[in-house]
């Protein structure tokens, strides 16, 4: 009992004091469970959210989160601090796993491409844009969120991940660039295009006006 | 920022707020369990490997030790033989039937004494080797042997060794130098 209390206290202390990831990974490699819990507490949320937004499937997001941390358990020394942050490393694993899973299972949410403007599921079309004010009044907040979620899911992967990282995870463009291993300029242009695509999709659903950005 | 962008930003904020803040607790618990199991397995493997390596080291050490011992014994034996051979006078240089040269006999016996002292350090040598009449350097080329036996004074005198210092009934511990044919060529008395 006292040991549990002590270990709980030291765990909290470890989480509060910012022990750097490299030291924590060293402890994990030696089998320190508290260090693993600290790393898990730090990164499980962002990794899980990223996997969820990327796949649109809660179960898959859980599996991916589990796999990402299992890799950390099995091979903690595989992370190279010279190549970037631990968060970036974990995001990278989650990104690859999600892409692979989505490609394998073809778990795509009904895809609404710009070319498929006449899709019956989202057939509000130009009329919806004209009557957007009325449509917005009719939609509840929940529907708005759901519409945005499906719109994000329907984006091509390279645009989707930028939107998830920068708009949903509030990551800086520089951080996203480091994580996705491309230039900040590429991230900025992808962001611009992704937002434009989202606006069109949302406008088709009658949620926003399709004004030029 | 126009109205649609504002609306989009609001939607992003709402979606972000609605997103789960962390993975379900079951995932965390399963991972903790997996972490424990992984490290228990690793520790067990490491212990096995350490034990295996230690065992292998011990086996190698034992083999090396036994090899070095056997090679040491093998080295000692040829040394003894070579010393004996070196110390023996060359019989071809002597004429057959010649009376044994006392100095040559002495040197041969002295070298044998050296070897014998090394081999039996616990024995107390009472007298030096005395050459017997049967010693003939012409016939004894190599293969000298020293045998320790208990002999009576009478037996010693029969061999031609001086035995007057001991009573006739007493058995005396004696080192007898035998040539290749087993003929005694020198003796000395040994006390303990």
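The values are calculated or read from the model by the stated rules, or taken from the named source; none is laboratory data. Worth saying up front: this structure is predicted, and the values here are computed from it rather than measured. Counting neighbours? That spans all protein chains shown, and the Cβs are built from the backbone with ideal geometry, glycine included.
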Review point. Among the numbered criteria (1) modelled with pLDDT under 85; (2) surrounded by 10 or more Cβ atoms within 10 Å (Cβ to Cβ), which single criterion is violated by residue B:21?
Key: (1)
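Over 19 Å from residue A:191 (Cα atoms) and modelled with pLDDT under 75: does that describe residue A:130? So that I can check it myself, show each step before the final result.
Details: over 19 Å from residue A:191 (Cα atoms): yes; modelled with pLDDT under 75: yes.
Answer is yes for this residue.
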Point to revise | Matching helices (runs of 4 or more DSSP H) fully within segment A:1-95 where at least 3 residues are in contact with a helix residue (DSSP H, G or I) (Cβ under 8 Å, 6 or more places away or on another chain) and modelled with pLDDT of 85 or more | key: A:21-29, A:33-55, A:58-74
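Looking at A:179, A:207, A:165, A:155 in this structure, which one is touching a residue at least 24 places away in the same chain (Cβ under 8 Å), crowded, with 20+ Cβ neighbours inside 10 Å and facing another protein chain (nearest Cβ under 10 Å)?
When all the criteria are applied, what remains is A:207.
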